[in-house]
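This report refers to the structure that appears directly beneath it.
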Amino acid sequence: MLHDPNRVFVFDTTLRDGEQVPGCQLSTPEKIEIAKALELLGVDVIEAGFPISSPGDFQSVVELSKAVTNPIICALTRANKGDIDSAAAALKYAKHPRIHTGIGASDMHIKYKFNSTREQILERAVDAVKYAKKFVEDIEFYAEDAGRADNEFLAQMVEAVIAAGATVVNIPDTNGYCLPEQYGAKILYLKENVKNIDQAIISVHCHNDLGLATANTVAGIVNGARQIECTINGIGERAGNTALEEVAMILKTHKALNLHTNINSKHFTEISNMVSRMMRMPVQPNKAIIGKNAFAHSSGIHQDGFLKHRENYEIMNPEDVGLIEAGIILTARSGRHALKHHLERLGYDNEKLNLDDVYQRFLVLADEKKEISDDDLLFLMSDGDESAYKNGYKLSLLHVICGDNESPTANIKLQYNGEEKEATATGNGPVNATVKAITSVIGKNIELKEFTIQAMHGGSDDVSKVNMRVSFEGKSYQGYGFSTDIVKASANAYLDAINKFL
């Protein structure tokens, strides 16, 4: 594992530390699904659980060991034989097994958690590593609460467990206490004062109690650590763990650090959504990298600058984390440039639009709503009473007759270039009759390819959204219409599609 000095190994503990969040427990099949996604993401180690803690946790480690091929599968234990026996049994089917054992390193833990002495704790640490080594070759040792531990004693402990056979030494900031400079200095102290430190990888495991988990993790690897312990979305006990996606993108963005992982960041959005959904733990909108607002721009000044040159307001490409594109969020603060961008994205030719009129109507709608969605824009553009097009057709009359003993008949009037044209047609239903009447006025060979109706919210009095796809001269055009009247919504959708090619 040590052949590349600039390679940072990724130890994911979403399924162990992350699952300790109240109400976020997973079934074994859910854990397997996430584990396979982590494997695809490119993590090096998956901490699959704490086998001694429950039969369910034990079985999850067994099943994950069977399901995953490339990553190391790690099982957590305390520094006692019973825990280690359980972990070894659970890892029976792992292709690359690791036992993660350890004990408290701070005087706080030694005195108040273990009611012990430094000498006794040191002996227990060494004995645990030696015992675990009988079962697997790859042993990780954690010095719990290392963030508050005396550096000299911590170095003594690390040196002793490496001599006993530890291949990885984990230096946790268990309570999220350290400042980045303190934590980085602690890692550097170990690099410079542990004689056999070159025989093991230093791992950093930081908690976010003061919001410093990512900063401390980066400080740790800058000062010589080469494994990061983290979770998807930064989930974990209390304020959470280091977010995997944050550290990976820091290293990808700051190339001058000359550090890299094997993470394929394009899977971040997908796996973030999976973990959020399965653990029933929403991601805060302003969460770095994967929050819904992480690549969203709502200020008119920002939107204009972004659309001119995306690097004005983005240091990462949204595609790099699995997003199709950055979000230009439309609000009352948005300018014409942002509105134009969204209309083009929805298939509108801005050269054919009365953009100033559309923008004024947009501002009225934006004042009524906090945020404008695509459906809001489509509604705005397909309003039969306010034509968005410079020379488009506008529906001024729609009268439909249908019933058990009536042939569905539609009478329509269309305005075009200041003129009004009228037509009547029958069909096999009110929508078909309306489409035929409109087509007779247009006088062109238009073929309806797709017709869908969707209720916007639910209920018989709901606004219907109609989507029509038409073909004209070998090309397809989408049209949208909205109304509480399905027939009128259909007429507006048909005209919206037609106005896009005329």
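The values are calculated or read from the model by the stated rules, or taken from the named source; none is laboratory data. All figures in this text were calculated on a predicted structure; none of them were measured in a lab. Don't worry about glycine lacking a Cβ; one is built from the backbone with ideal geometry, like all the others, and counts go over all protein chains shown. Ligands, DNA and RNA are stripped out before the accessible areas are found, and what is left, the full protein with its side chains, is counted by its heavy atoms. Shrake-Rupley method; radii C 1.70, N 1.55, O 1.52, S 1.80 Å.
Just to be sure I understand the filter: pairs with C-beta atoms under 7 Å, separated by 6 or more residues or on different chains, first member in segment 73-101 and at positive phi, second member aromatic (Phe, Trp, Tyr). Which pairs pass?
none
Residues are listed down the side, and each one gets a yes or a no for (1) among the polar types (S, T, N, Q); (2) in contact with a His (Cβ under 7 Å, 6 or more places away or on another chain); (3) modelled with pLDDT of 95 or more; (4) under 25 Å from His96 (Cα atoms):
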| residue | (1), (2), (3), (4) |
| --- | --- |
| Ala125 | no, no, yes, yes |
| Ala128 | no, no, yes, yes |
| Lys134 | no, no, yes, yes |
| Glu140 | no, yes, yes, yes |
| Gln156 | yes, no, yes, no |
| Glu159 | no, no, yes, yes |
| Val169 | no, no, yes, yes |
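Which of the following residues is open to solvent by 60 Å² or more (accessible area, probe 1.4 Å), modelled with pLDDT of 95 or more and of a type in the set (A, V, I, L, M, F, W, C): Val218, Val222?
It is Val222.
Kindly indicate whether Ile187 is among the aliphatic types (A, V, I, L, M) and either modelled with pLDDT of 95 or more or open to solvent by 10 Å² or more (accessible area, probe 1.4 Å) (or both).
Answer is yes for this residue.
Go through (1) within 14 Å of Val169 (Cβ to Cβ); (2) part of a helix (DSSP H, G or I); (3) touching an Asp or Glu at 6+ places or on another chain (Cβ under 6 Å) for His109 and report which single condition fails.
That leaves (1) as the condition not met.
If you go through segment 249-273 one residue at a time, how many are closer than 21 Å to Leu40 by Cα and either open to solvent by 20 Å² or more (accessible area, probe 1.4 Å) or in contact with a strand residue (DSSP E or B) (Cβ under 7 Å, 6 or more places away or on another chain) (or both)?
The qualifying residues number 13.
Which ones in segment 367-410 are polar (S, T, N, Q), farther than 14 Å from Lys465 by Cα and modelled with pLDDT under 85?
Scanning segment 367-410 gives Ser387, Asn391, Asn405.
Filter segment 247-274 down to the residues that are under 17 Å from the mean Cα position of the chain (by Cα) and β-branched (Val, Ile, Thr), then identify the one that is farthest from Leu38 (Cα to Cα).
It comes out as Ile250.
Determine whether Ile110 is in contact with a Lys or Arg (Cβ under 7 Å, 6 or more places away or on another chain) and either under 16 Å from Val161 (Cβ atoms) or not assigned by TED's automatic domain parsing to the domain that holds Arg148 (or both).
Considered against the rule, which asks whether it is in contact with a Lys or Arg (Cβ under 7 Å, 6 or more places away or on another chain) and either under 16 Å from Val161 (Cβ atoms) or not assigned by TED's automatic domain parsing to the domain that holds Arg148 (or both), Ile110 comes out as yes.
Looking at segment 49-76, which of its residues are touching a Ser or Thr at 6+ places or on another chain (Cβ under 6 Å), more than 12 Å from Tyr93 (Cβ to Cβ) and of a type outside the set (Gly, Ala, Ser)?
Selection gives Pro51, Ile52.
Return the only residue of Ala160, Ala128, Ala149 being over 14 Å from Gly220 (Cβ atoms), surrounded by 18 or more Cβ atoms within 10 Å (Cβ to Cβ), of a type in the set (A, V, I, L, M, F, W, C) and in contact with a Phe, Trp or Tyr (Cβ under 9 Å, 6 or more places away or on another chain).
Sole residue among the options that is over 14 Å from Gly220 (Cβ atoms), surrounded by 18 or more Cβ atoms within 10 Å (Cβ to Cβ), of a type in the set (A, V, I, L, M, F, W, C) and in contact with a Phe, Trp or Tyr (Cβ under 9 Å, 6 or more places away or on another chain): Ala128.
Of the conditions (1) open to solvent by 20 Å² or more (accessible area, probe 1.4 Å); (2) closer than 14 Å to Phe379 by Cβ, Lys421 fails just one. Which one is it?
(2)
Restricting attention to segment 427-434, does a residue exist that is modelled with pLDDT of 90 or more, of a type outside the set (Gly, Ala, Ser) and either touching a Ser or Thr at 6+ places or on another chain (Cβ under 6 Å) or open to solvent by 90 Å² or more (accessible area, probe 1.4 Å) (or both)?
Yes, some residue in segment 427-434 is modelled with pLDDT of 90 or more, of a type outside the set (Gly, Ala, Ser) and either touching a Ser or Thr at 6+ places or on another chain (Cβ under 6 Å) or open to solvent by 90 Å² or more (accessible area, probe 1.4 Å) (or both).
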